[in-house]
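Novice: Sharing a structure, written as structure tokens. Questions coming.
Rule-based calculations on the coordinates, nothing more; no lab input. From a predicted model like this one, the values you see are computed outputs, not experimental measurements. All Cβ positions, glycine included, derive from the backbone under ideal geometry; neighbour counts span all protein chains shown.
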Amino acid sequence: MVSALDNSRMVSTQYALKNLRSSDESSEDTQSSSAASILRGYGLDSSSVSLLSNQALSGLLDTLSSKDDTSDETDTTDDRADVTSGSFMSMLKQQLQEAAAAEGESGKAHDMLAALEAGTLTISDPTQGVSVAAWDVDDPDETDTESKVGRTIDVRGWSEFLNAHLERGSDGAFIKENGSYVDQTTEGNAFFGLIGSNYYYLSWPQTAAK
């Protein structure tokens, strides 16, 4: 059942998507403002809006506004990466290294990279019903690892999944500590964002944070 709040978010998101896809009807500032407002409505940090292209924002809003009916959650792209593959882990490490370099000496990307190298980073994709412990492709013991068996999780929409894992504060936004979301099921750190061309949920122990 779709609640009144979910329905309101869905309608608002559709307007935001229309603006993002109609450059003649909306300025870039208006598009960013609209997208930021929608992300805040979902409790997500809106500060990253300026770092995402319109295409990435559109994909994120599409993902968040999807109905919880699993028949509507099937990904239709042909280039979706296999989250349990070595090639995905290689892409993930490269992206984290680039993000860490952009951060400077410390930050969320540094924490995720450290967790990856320590073997404590977990990647989840509820739209595909899989979760897997990430591994460092540059570890000598993992040189020949082409893939690993993931753990089966419930297939569900991103909005439902995030609400189940992330705790909201009194302002409705998901709670952050030291720049990262807090996974209320594990009390660990969490990140939700674009890895490659798709969205994933990454979690790691708080002890990994510096």
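Novice: For R151 and N163, calculate 0.36 nm times their separation in residues minus their Cα-Cα distance, and state this gained length in nm to one decimal.
Specialist: 2.3 nm
Novice: Grab the Cα-Cα distance for E103 and S85, subtract it from 0.36 nm times how many residues apart they are, and report the gain in nm with one decimal.
Specialist: Values: separation 18, 0.36 × 18 = 6.48 nm, distance 2.70 nm.
Separation in residues times 0.36 nm, less the Cα-Cα distance, equals 3.8 nm.
Novice: Net charge near G119: determine it from the other residues with C-beta under 14 Å of the C-beta of G119, scoring Lys and Arg +1 and Asp and Glu -1.
Specialist: On the way: positive: K93, K148; negative: E117, D136, D138, D139, D141, E142.
Once positives and negatives cancel, what remains is -4.
Novice: Ok, one more. Highest mean first, what order results for 103-112, 163-172, 125-134 on Cβ atoms within 10 Å?
Specialist: On the way: 103-112: 17.0, 163-172: 13.2, 125-134: 19.8.
Ranking the peptides 103-112, 163-172, 125-134 by packing returns 125-134, 103-112, 163-172.
Novice: D136: net charge of surrounding residues, Cβ under 12 Å, Lys/Arg +1, Asp/Glu -1, itself excluded? Before the final figure, lay out each step's value.
Specialist: On the way: positive: K93; negative: E117, D138, D139, D141, E142.
That works out to -4.
Novice: Between rounded, prolate and oblate, where does the stretch 78-210 land on the alpha carbon gyration tensor, with a ≥ b ≥ c its root eigenvalues, rounded for a/c under 1.5, else prolate if a/b exceeds b/c?
Specialist: oblate
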